[in-house]
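Bear in mind that the values in this text are calculations on the coordinates, not laboratory data. Note that the structure is predicted; figures quoted are calculated from it, not measured. Glycine gets a Cβ as well: all are built from the backbone with ideal geometry, and neighbour counts include every protein chain shown.
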Amino acid sequence: GSNAMWGGRFADGPSAIMREINASIPFDKALWRQDIAGSRAHAAMLAAQGILTAEDAKAIDEGLQAIAAEYEREGVPEDWDLEDIHMTVESRLTQLIGPVAGRLHTARSRNDQVATDFKLWVREAIGQIDTGLAAVQAALVTRAEQHADDIMPGFTHLQTAQPVTLGHHLMAYYEMLRRDRMRFAAAAERLDECPLGAAALAGTGFDLDREATAQALGFARPTANSLDTVSDRDFAMDYLHAASLVSIHLSRLAEEIIIWASQPFGFVRLPDSLSTGSSIMPQKKNPDAAELVRGHAGRIIGAATALSITMKGLPLAYAKDMQDDKPPVFEAHGLLTLSLAACEGMIAGADFDTARMLSLAGSGHSTATDLADWLVREAGVPFREAHHITGAAVARADAKGCALAELTADDLAAIDARVTPEALSHLSLEGSVASRQSYGGTAPDQVRRQVKAARKALGLD
Ligand code: ARG
């Protein structure tokens with residue numbers, strides 16, 4: 001037979017293929033709470049405007065509440081003939097309260113309905129991600145405070161560059177996540193306009209109060225252009241783009257954890273609870289959680305790309321392609337939520353081998369810059385010359401197979417008269433790190449200042 005919702009002009013019903021390709025209920029049933037909330041707000045507004053009688057509105061509202069209780073208990077049934085969550089709810093409402101259910105869709109289209117539902121869902125998802133980001137930040141700040149004084153090699157090109165503190169390194173990730181939270185906050189602000197009332201694409205001839213439904217659903221205001229409203233999925237792409245950046249940050253953190261946990265580095269032991277073993281090599285303890293966080297970033301970035309490509313060629317206003325907006329967002333949200341939880345656990349439970357870090361912090365003449373800086377400060381040598389003189393000292397130390405601080409007075413005299421043995425007493429790791437007092441630098445005092453500001457921002461104090 002033909003479709004009960006829209007089949008009036010059809011002689012034949014959809015084929016099996018049509019029904020299958022058309023059905024979004026397998027995934028958009030996740031929107032049931034939002035769909036019912038949107039319908040309740042719409043019906044209440046219709047009644048307030050005199051478009052629905054108070055009696056009909058009451059029957060509709062009670063029916064919708066009964067459906068919510070039912071779905072909460074039993075889940076949402078999946079009937080492909082009902083296509084999507086919107087028709088699934090309406091069809092159940094008809095079963096419960098009869099033909100009056102058919103009045104609910106007055107002055108509404110599934111086009112403004114789905115945009116509203118999805119915005120409500122994304123708004124909640126943004127809140128959940130913000131909570132997850134704050135939890136990872138709190139773990140980072142706690143560990144950074146514990147390790148504000150612990151010295152490790154700092155890298156550029158993954159070559160030992162200058163000593164830094166572990167606390168400083170951890171706080172770098174705090175900053176990335178701080179920007180991520182700002183991006184999600186900005187996305188939430190742009191999302192804050194209610195689509196209800198745009199109807200199919202042109203608006204409606206009914207005297208709606210769009211301000212009222214916007215307010216009832218917690219939006220700042222109604223959207224301004226009905227064509228834009230039903231064709232806009234910027235809010236979903238905003239979510240995915242912000243999620244991509246988070247996943248990039250978490251993936252870099254995961255990559256460092258993986259490197260640090262490797263035996264040649266030996267900087268960190270991961271908690272057993274977030275590691276796995278090998279089925280053949282009994283000694284193995286693998287950083288699988290970190291590897292999956294790194295892997296999931298690929299899927300999250302892929303989701304953002306997928307929706308961007310779905311949207312880029314669509315003429316105004318709605319097209320069914322847009323039904324494909326939800327799976328990438330749902331998938332990315334699930335993956336990101338898990339990744340955040342895994343990162344929080346790994347940071348909180350990491351056993352940093354600070355002795356090992358310290359023992360490697362001086363390798364590769366990591367305080368050579370301090371020798372050049374000494375020449376500038378104490379001997380008035382221009383930095384470029386100081387750099388050259390220090391380079392010669394590094395070459396000499398390498399030739400002798402010793403550290404810079406072990407060069408003799410004769411070694412130094414042969415390089416340049418201005419570099420004296422006194423200079424070599426300023427090359428300690430502790431001295432190097434403590435001297436980096438510039439705002440945002442690695443000196444323990446500076447790290448503690450960063451930690452203090454972060455704890456305040458997170459409301460931890
Ligand atoms: N299931 C649809 C979606 O998610 C709802 C909108 C249907 N609108 C329409 N004109 N067929 O996009």
Let me know the Rg and Dmax you get for the chain when you use only its Cα atoms, in Å. 30.7, 102
Taking just the alpha-carbon atoms of region 337-379, what radius of gyration and Dmax come out, in angstrom? 18.4, 55
So if I take the centroid of the Cα atoms in region 391-461 and the same for region 38-61, what is the distance between those two points in Å? 72
Which whole-number percent is the relative contact order of the chain (Cα, under 8 Å, 6+ apart)? 16
If you line up the Cα atoms of region 409-461 on their principal axes, what length do they span on each, largest first, in Å? 57, 15, 10
Among residues other than GLU124 whose Cβ falls under 12 Å from its Cβ, what is the net charge (Lys/Arg +1, Asp/Glu -1)? +1
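For the chain, what does -39500 (n - 2.57) per DSSP helix run (n ≥ 4), summed and divided by total residues, give at 222 nm, in deg cm²/dmol to the nearest 500?
After summing the helix terms and dividing by the residues of the chain, the value is -20000 deg cm²/dmol.
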Hey, what angle do you get for helix 234-261 against the long axis of the chain, alpha-carbon based, 0 to 90 degrees rounded to 10? 30
Positive-end extreme of charge dipole, region 7-106 - chosen from ALA23, LEU96, ALA47 (charges on Cβ): ALA47
Would you please give the FRET efficiency between PHE206 and LYS452, computed as 1/(1 + (r/R0)^6) with r the Cβ-Cβ distance and R0 = 60 Å, to the nearest 0.05? 0.60
Can you pull the Kirkwood radius for region 185-250, inverse mean 1/r over Cα pairs, to one decimal in Å? 13.0
Tell me, how many Å apart are the Cα centres for region 129-186 and for region 70-112? 48
Taking only Cα atoms of region 7-106, the Rg to Rh ratio with Kirkwood Rh works out at 1.01
Which one of ALA423, GLY440, LEU407 has its Cα pushed farthest toward the positive end of the charge dipole of region 365-457, where Lys and Arg give +1 and Asp and Glu give -1 at the Cβ? GLY440
How far, in degrees from 0 to 90, does helix 444-457 lean away from the longest principal axis of the Cα atoms of the chain, to the nearest 10? 10
Spatial separation of Cα centroids for region 198-223 and region 326-345, in angstrom: 32
Please compute the Cα-Cα pair-distance distribution of region 349-447 with 10 Å bins starting at 0, giving whole percents from short to long. 15, 44, 29, 10, 2, 0
The Rg/Rh figure for region 23-79, Cα atoms and Kirkwood Rh, to two decimals is 1.05
Log entry: pair-distance distribution for region 85-166, C-alpha pairs binned every 5 Å from zero, whole % per bin is 3, 11, 11, 10, 9, 8, 7, 6, 6, 5, 6, 6, 5, 5, 2, 0
Can you tell me the relative contact order of region 59-149? Whole percent, Cα pairs under 8 Å, sequence separation 6 or more. 26
Helix 32-48 vs. the chain, principal-axis angle (Cα, 0 to 90°, nearest 10): 50
Take the cross-link list LYS29/LYS119; LYS119/LYS326; LYS29/LYS312 and give me the ones stretching past 20 Å between alpha-carbons. LYS29/LYS312
For region 195-349, max minus min Cα coordinate along each principal axis, in Å, sorted largest first? 72, 32, 23
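Which whole-number percent gives the relative contact order of region 365-457, counting Cα pairs below 8 Å spaced six or more residues apart?
On the way: 86 pairs, mean separation 22.4, N = 93.
Value for region 365-457: 24 percent.
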For region 324-382, what is the charge dipole size about the Cα centre, in debye to the nearest 20, if Lys and Arg each add +1 at the Cβ and Asp and Glu each add -1 at the Cβ? 180
Under a straight-distance cross-link criterion of Cα-Cα below 16 Å, which aspartates and glutamates are reachable from LYS58, leaving out those fewer than 8 residues away in the same chain? GLU90
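Direction-averaged shadow area of the convex hull around the Cα atoms of region 112-220, nm²?
9.7
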Subtract the Cα-Cα distance of ASP410 and GLN283 from 0.36 nm times their separation in residues, and report this length gain in nm to one decimal. 40.7 nm
Extension length gain for THR131 and ARG384 (0.36 nm per residue less Cα distance), in nm, is 86.3 nm
